[in-house]
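The values are calculated or read from the model by the stated rules, or taken from the named source; none is laboratory data. Nothing here was measured: the structure is a model prediction, and the numbers come from that model. Every residue, glycine as well, gets a Cβ built from its backbone with ideal geometry; the counts of neighbours run over all protein chains shown.
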Amino acid sequence: MSEIKTKNYVYVMISTLNQMVNYIPLKHFEFEDIYNLTIAKSDYVDNSRWDENLSKILKKDGIEFNYDDETKNLKFQQDDINDIDKILDVLEANFNDNDNDKIFWNITGGQRPFILAIYQFIQEKSRSNDYICYLEGNKSKMVILQDNEVINNDSYNLEDLKISTALELMGFKINKKIEKKDDEDKKDDEDKKEFYLKFLDKYTKSKELREKLISLNKKDTDKDKTIKEIKKILPNLNKTTLDEIFSYSEKDDKQQKKIFGYILESLAGYKILEVAKDKRADINFSDYINFSEKINHLRKEERTSEKEIDEFDIALLTKNGKFMIFECKSGGMDGDVAKSTKYSTYAVSGVYGLPILITPLLGDEIKAIRKKSTLSEDYSDDYKYLHNELYKNIRQAINSAIRAGLEVWGLDDIEKNLKKYIEL
């Protein structure tokens with residue numbers, strides 16, 4: 001990050017669904033004061049909820065921003081935001097043009113009239129010391145202008161960014177308590193990562209192994225026999241760890257049905273962990289989130305309560321604020337689950353969020369299923385086996401995900417796709 005001195009600057013942000021973009025500069029720089037441009041009494045959204053969420057997070061970080069203070073939280077009626085002159089009147093009433101009043105304007109996520117009014121205000125008042133900041137989410141760049149010149153275009157990272165923070169900014173919370181790990185637990189994680197990366201290598205190379213694991217989801221499968229056959233295909237893996245995985249599944253029928261789901265999540269999770277490396281700020285496995293009752297910007301039929309819980313398998317938050325949820329499905333997934341996953345991701349992180357389905361198939365197999373679904377053609381000779389009953393639920397899950405707008409990755413897609421999205 002270039003040398004940007006802001007200690008005697010006022011920070012002005014624009015309330016937005018994706019409050020992460022307002023939070024990031026506040027974690028990078030120190031400001032003299034904070035102002036917020038927000039919309040009041042809108043028929044479409046309730047910005048006060050987003051402002052309250054940001055205020056709570058900042059308070060935890062020791063940064064004072066009181067969204068109830070109307071001298072700092074500047075409210076506009078919905079009909080007023082299209083009137084640039086009215087916006088200019090508010091800016092002139094609150095920000096004088098003397099040399100001591102220096103402003104860091106964060107226009108990221110702001111409505112166009114706000115942005116145009118800010119630019120006009122700066123030009124008319126000849127505010128050459130002011131900064132204009134815009135976070136370029138796709139490229140993870142913090143673009144800062146001063147006196148019409150770009151003085152910063154560096155990447156931005158936050159080392160201590162947490163998934164719980166991303167969730168709380170949108171009124172969500174994690175139900176499951178995440179315990180801190182000691183050194184022994186971290187060593188165990190490294191051992192498990194090595195184990196599952198070797199497992200994944202064999203998995204992507206052996207169609208026989210994939211089909212035997214998929215068959216564990218079937219009621220009529222002889223699970224004891226199949227598990228023995230699977231172990232024979234994996235002679236080079238740590239026997240103790242392998243036995244633990246399958247003994248865990250043999251406790252009862254319910255757990256047996258989850259065995260491949262657990263393995264799939266672990267294969268994907270440890271691969272994501274390996275690929276993300278120093279780009280990840282936080283990663284969580286198998287957590288539950290629920291909506292705050294105060295979230296009411298949805299249409300009535302879409303609203304939810306504290307009792308309604310959305311579960312995600314893997315959540316990754318990068319140091320530049322990108323939030324990705326991975327849903328790992330070893331079998332079927334209905335459309336409602338797919339839609340819920342998509343909404344939760346976008347609600348938490350706006351346009352920077354990305355919901356992804358991880359399936360037991362490889363990338364080329366997913367392409368064959370998508371091609372058949374789109375063109376109503378039969379599978380090519382190389383992929384005739386995908387029409388078998390064994391793959392029925394997986395085919396349905398892929399089609400549900402596609403209809404809901406989720407991306408669908410094969411296990412062998414993770415490395416190249418994840419590198420593309422988090423720009424390693």
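Quick notes on this structure:
- Residues located in region 199-224, provided they are farther than 20 Å from Cys328 by Cα and touching a residue at least 60 places away in the same chain (Cβ under 8 Å): none
- Options Tyr67, Tyr35: the member that is among the hydroxyl-bearing types (Ser, Thr, Tyr) and either part of a strand (DSSP E or B) or assigned by TED's automatic domain parsing to the domain that holds Gly321 (or both): Tyr35
- Summed over region 122-158, the residues that are on the phi > 0 side of the Ramachandran plot and either at pLDDT 95 or above or surrounded by 17 or more Cβ atoms within 10 Å (Cβ to Cβ) (or both) give a count of 1.
- Candidate set from region 373-384 (those that are surrounded by 13 or more Cβ atoms within 10 Å (Cβ to Cβ) and in contact (Cβ under 8 Å) with a residue 12 or more places away in the chain); member that is farthest from Arg210 (Cα to Cα): Ser373
- Matching entry among Asn148, Asn82, Asn106 (being over 20 Å from Lys319 (Cα atoms) and touching a residue at least 24 places away in the same chain (Cβ under 8 Å)): Asn82
- Candidate set from region 39-74 (those that are buried (at least 19 other Cβ atoms within 10 Å of the Cβ) and among the polar types (S, T, N, Q)); member that is modelled with the lowest pLDDT: Asn47
- Residue that is at pLDDT 90 or above, farther than 25 Å from Lys219 by Cβ, in contact with a Lys or Arg (Cβ under 9 Å, 6 or more places away or on another chain) and not basic (Lys, Arg), where the choices are Glu415, Glu389: Glu415
- For region 101-113, the criterion of a residue being in the same structural domain as Tyr131 (by TED's automatic domain parsing), of a type in the set (Asp, Glu), surrounded by 14 or more Cβ atoms within 10 Å (Cβ to Cβ) and under 16 Å from Ile132 (Cβ atoms) is satisfied by at least one position.
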